[in-house]
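The values are calculated or read from the model by the stated rules, or taken from the named source; none is laboratory data. Model, not experiment: these values are computed from the prediction. Positions of Cβ are generated from backbone atoms using ideal geometry, with glycine treated the same way; all protein chains shown enter the neighbour counts.
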Amino acid sequence: MTLTKELLHKIADPTITPDERARRRCELAKQLEKLGNYEAAREAMGEFWQGIGIRPVLDRLEFRTAAEVLLRIGALTGWLGSSVQSEGAQEKAKGLIYESIRIFEALPDEEKVAEAQTELAVSYWREGAFDEARIVLQHALSRLDNTDSEVKAVALLRSAIVEGAAKRFNDALRIHIEAIPLFKKIHDDLLKGKFHHSFASVLNHLSETEYREEYVDRALIEFTAASYHFEQAGHTRYQACVENNLGFLFGTIGRFAEAHEHLDRAQALLTSLKDRVHLAQVDETRAKVLLEQRKDGEAEKLVRGAVRVLERGGEQSLYAEALTTHGIALARLGKPKSAQDELELASKVAEEAGDLESAGQAALTLIEEVGSHLSESELSELYVRAAELLEKSQNMATLKRLCECARRVLFLTHAAAAPPDWKGFSFREAVRRYESHLIERALRDADGMVSRAAQWLGFKHHHSLVSLLKNRHKHLLHARTPIVPRRRSIIRPAATTVPASAYKGASHQRPAEKTARPALILHVEDNRAIAVAVRDALEEEGWAVRHCADGAEARREIASDAHYDLLLLDNELPGATGVELVRRARSLPRRRQTPIIMFAASDCEADARSAGADAFLRKPKDIALLVETVARLLADKPAGR
């Protein structure tokens, strides 16, 4: 007899108390929810289910049982409300779950509080309120510190999903890697399938943003593992989600026939479940594949229907994503005004949901797809808005798009303001004048900082811009900040020499000159993409970089006898904060004079400087200032430090 049949049999037992019957209903509904059978779960709740968001009658029930019923009704309200697109369903779900949390806290029952908090976070996630979801999950995990329970596994998994939805893929990757030992102990196929599916999705996104081809192969392996476990668990809806993501993955690598095969399977599975929201998501994915195939008309028709479905649902992030895809299709069909309306709405929906990354990406898409149809003032305002939305982005692919859009805006505004006079026109001179205009404007906006201006102009290395200034645009040399001379002893220490007279009559040879030693920098950063970008920038200057990704490892390195000329620290690190590392360094006599830069996304400048940091740079927007700041601190470093 299956667990479901056994529970049904127990519920029908006329000898049990109303309290026991309610608990068994909750247990059965929870099992059916895990399988994705939300309609059956609703039926399992019997008289307690009065409709989406309606508070159940809890007369004659004990406090613990009442809390269980509230939690199940709240969770079901969230799932069913999303599936049938009931307006306000997530708010109603949160209200019921919050009530259950208050009862569990009063009992007290820490694990049940954490379980309820993980369900609460899902409702925030559906609304696109990622910061709120993240905070709730952190509270849940803090209650489960010393356990290896299934509840903790669920909380970790949902934390990774939230970070992925917020486009913080390196954070999501870190959570998955840290959770691997726990999930190896889990025997639940459904939970293991969710883990592999989420892991695969993160790897897929990172393969695009970090250009790591090996991540594609690993993602395919993880998707295959997810499909196996979902099949073992009998979870049709999640099998469909895997097929949808495989369709998207094959589409991005140009294997279109396989992409459509997987999307066809996803569509068939979801049609059997009558899940309109996820069917619309499959249509939106197929539209993206069709756009890659240059079948813009088919893509527009398909995603237009998906937008209409998702507009009535509560999953705002999916709605914003579909609007963006629809805007791209309209733009490529030569309908710039309609495309502009869709992309502006996509940005607004994402921003209102708290998804600033998606909002900023929609604004960039508007510049990329419709920029030539916008006025100079519209373009400038749009770029400023995108830059503000993406101020805290750590997605290197997005930041690269932001730089490219800056160049595009400058080109379009300059072209609109100065149409050429064809009489006596010289293409070469026009290009040189325009190049000069762009460089001058970039230097002015960068306050004369060459490295920052070079980044905005899209140069891979700032030396390229320096070369242009020295050779082709000498008249602009005044626009750059004065160069701070670097002491040769910092990068290439002068050889220690002894007067020749000291060796007259000596039997031994004159000692060889000391070999130059490059400055050695300890860089502590857990975001791999940023670590690679920083290493490349610093090593290009001739400095050597030792990287740590963990606060505890960095603490040991700082306490060691290893020589470092400068410490470059992130703040939010596993094992220790950057501020703690600064304090530790300053407590050691040999590190008290070592220059320290805090390069962090969090607002911790006051704490960092109070602890002893010499400079603070905001990540990632101040990366252009990094080389100059390191050079300044090394140049200011007294001899012997």
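Listed values, structure above:
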{"item": "Any hit, the stretch 272-289, residues being surrounded by 20 or more Cβ atoms within 10 Å (Cβ to Cβ), modelled with pLDDT of 85 or more and either on the phi > 0 side of the Ramachandran plot or among the polar types (S, T, N, Q) (or both)", "result": "yes"}
{"item": "Residue within the stretch 432-450 that is at pLDDT below 75, more than 17 Å from LEU402 (Cα to Cα) and surrounded by 22 or more Cβ atoms within 10 Å (Cβ to Cβ) present", "result": "no"}
{"item": "In the stretch 541-556, residue surrounded by the fewest Cβ atoms within 10 Å (Cβ to Cβ) [restricted to those that are in a helix (DSSP H, G or I) and not charged (D, E, K, R)]", "result": "ALA552"}
{"item": "Residue selected from the stretch 338-388 under the condition more than 17 Å from GLU300 (Cβ to Cβ) and of a type in the set (Val, Ile, Thr), by the criterion surrounded by the fewest Cβ atoms within 10 Å (Cβ to Cβ)", "result": "VAL384"}
{"item": "Per-region count, the stretch 139-177, residues at pLDDT 90 or above, of a type in the set (S, T, N, Q) and either in contact with a strand residue (DSSP E or B) (Cβ under 6 Å, 6 or more places away or on another chain) or more than 23 Å from LYS30 (Cα to Cα) (or both)", "result": "1"}
{"item": "From the options GLY334, GLY354, residue that is touching a residue at least 60 places away in the same chain (Cβ under 8 Å) and not in a helix (DSSP H, G or I)", "result": "GLY354"}
{"item": "Within the stretch 569-623, considering residues that are in contact with a Leu (Cβ under 7 Å, 6 or more places away or on another chain) and in a strand (DSSP E or B), the one farthest from VAL384 (Cα to Cα)", "result": "ILE596"}
{"item": "Matching residues, the stretch 221-259, being surrounded by fewer than 17 Cβ atoms within 10 Å (Cβ to Cβ), in a helix (DSSP H, G or I) and not polar (S, T, N, Q)", "result": "ILE221, TYR228, GLU231, PHE256, ALA257, GLU258"}
{"item": "The stretch 516-537 residues that are of a type in the set (A, V, I, L, M), paired with ones that are at pLDDT below 80 and surrounded by fewer than 16 Cβ atoms within 10 Å (Cβ to Cβ) (beta carbon under 6 Å, 6 or more apart)", "result": "ALA516/ARG492"}
{"item": "Hits in the stretch 459-494 - residues which are at pLDDT 75 or above and surrounded by 14 or more Cβ atoms within 10 Å (Cβ to Cβ)", "result": "LEU465, VAL466, LEU468, LEU469, HIS473, LEU476, ALA479"}
{"item": "The stretch 307-331: number of residues that are crowded, with 18+ Cβ neighbours inside 10 Å, part of a helix (DSSP H, G or I) and of a type in the set (Asp, Glu)", "result": "1"}
{"item": "Neighbours by Cβ (under 9 Å, 6+ apart or cross-chain): first from the stretch 580-600, assigned by TED's automatic domain parsing to the domain that holds GLU525 and closer than 13 Å to ALA615 by Cβ; second small (Gly, Ala, Ser) and assigned to a strand (DSSP E or B)", "result": "PRO595/ALA615; ILE596/ALA615; ILE597/ALA615; MET598/ALA615; PHE599/ALA615"}
{"item": "ILE103 vs. criteria buried (at least 18 other Cβ atoms within 10 Å of the Cβ), among the aliphatic types (A, V, I, L, M) and modelled with pLDDT of 90 or more", "result": "yes"}
{"item": "Any hit, the stretch 623-632, residues being over 28 Å from MET449 (Cα atoms), of a type outside the set (Val, Ile, Thr) and surrounded by 17 or more Cβ atoms within 10 Å (Cβ to Cβ)", "result": "no"}
{"item": "Given (1) within 30 Å of VAL630 (Cα to Cα); (2) basic (Lys, Arg); (3) modelled with pLDDT under 80, number of the condition ARG428 does not satisfy", "result": "(1)"}
{"item": "Those residues of the stretch 327-355 which are more than 14 Å from HIS373 (Cα to Cα) and of a type in the set (Lys, Arg), in sequence order", "result": "LYS348"}
{"item": "Residue list for the stretch 234-255, restricted to those being basic (Lys, Arg) and either at pLDDT below 85 or under 21 Å from the mean Cα position of the chain (by Cα) (or both)", "result": "ARG237"}
{"item": "Unique residue being within 29 Å of GLU435 (Cβ to Cβ), in contact (Cβ under 8 Å) with a residue 24 or more places away in the chain and of a type outside the set (Lys, Arg) when the list is GLU391, GLU381", "result": "GLU391"}
{"item": "Residues that are touching a helix residue (DSSP H, G or I) at 6+ places or on another chain (Cβ under 6 Å) and not small (Gly, Ala, Ser), drawn from the stretch 329-351", "result": "LEU330, ARG332, LEU333, PRO336, GLN340, GLU342, LEU343, LEU345, VAL349, GLU351"}
{"item": "Residues (part of a helix (DSSP H, G or I), in contact (Cβ under 8 Å) with a residue 40 or more places away in the chain and under 21 Å from TYR215 (Cα atoms)) located in the stretch 150-170", "result": "LEU157, ALA160, VAL162, GLY164, ALA165, PHE169, ASN170"}
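A quick yes/no check of all residues on (1) modelled with pLDDT under 85; (2) hydrophobic (A, V, I, L, M, F, W, C); (3) under 21 Å from the mean Cα position of the chain (by Cα):
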| residue | (1), (2), (3) |
| --- | --- |
| ALA350 | no, yes, yes |
| LEU356 | no, yes, yes |
| GLY371 | no, no, no |
| ARG407 | yes, no, no |
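Here's the yes/no breakdown for (1) assigned to a loop (DSSP other than H, G, I, E, B); (2) at pLDDT 85 or above; (3) under 22 Å from SER159 (Cβ atoms); (4) not hydrophobic (A, V, I, L, M, F, W, C):
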| position | (1), (2), (3), (4) |
| --- | --- |
| ILE52 | yes, yes, no, no |
| VAL69 | no, yes, no, no |
| SER86 | yes, no, no, yes |
| GLU91 | no, yes, no, yes |
| ILE97 | no, yes, yes, no |
| LYS112 | no, yes, yes, yes |
| ALA121 | no, yes, yes, no |
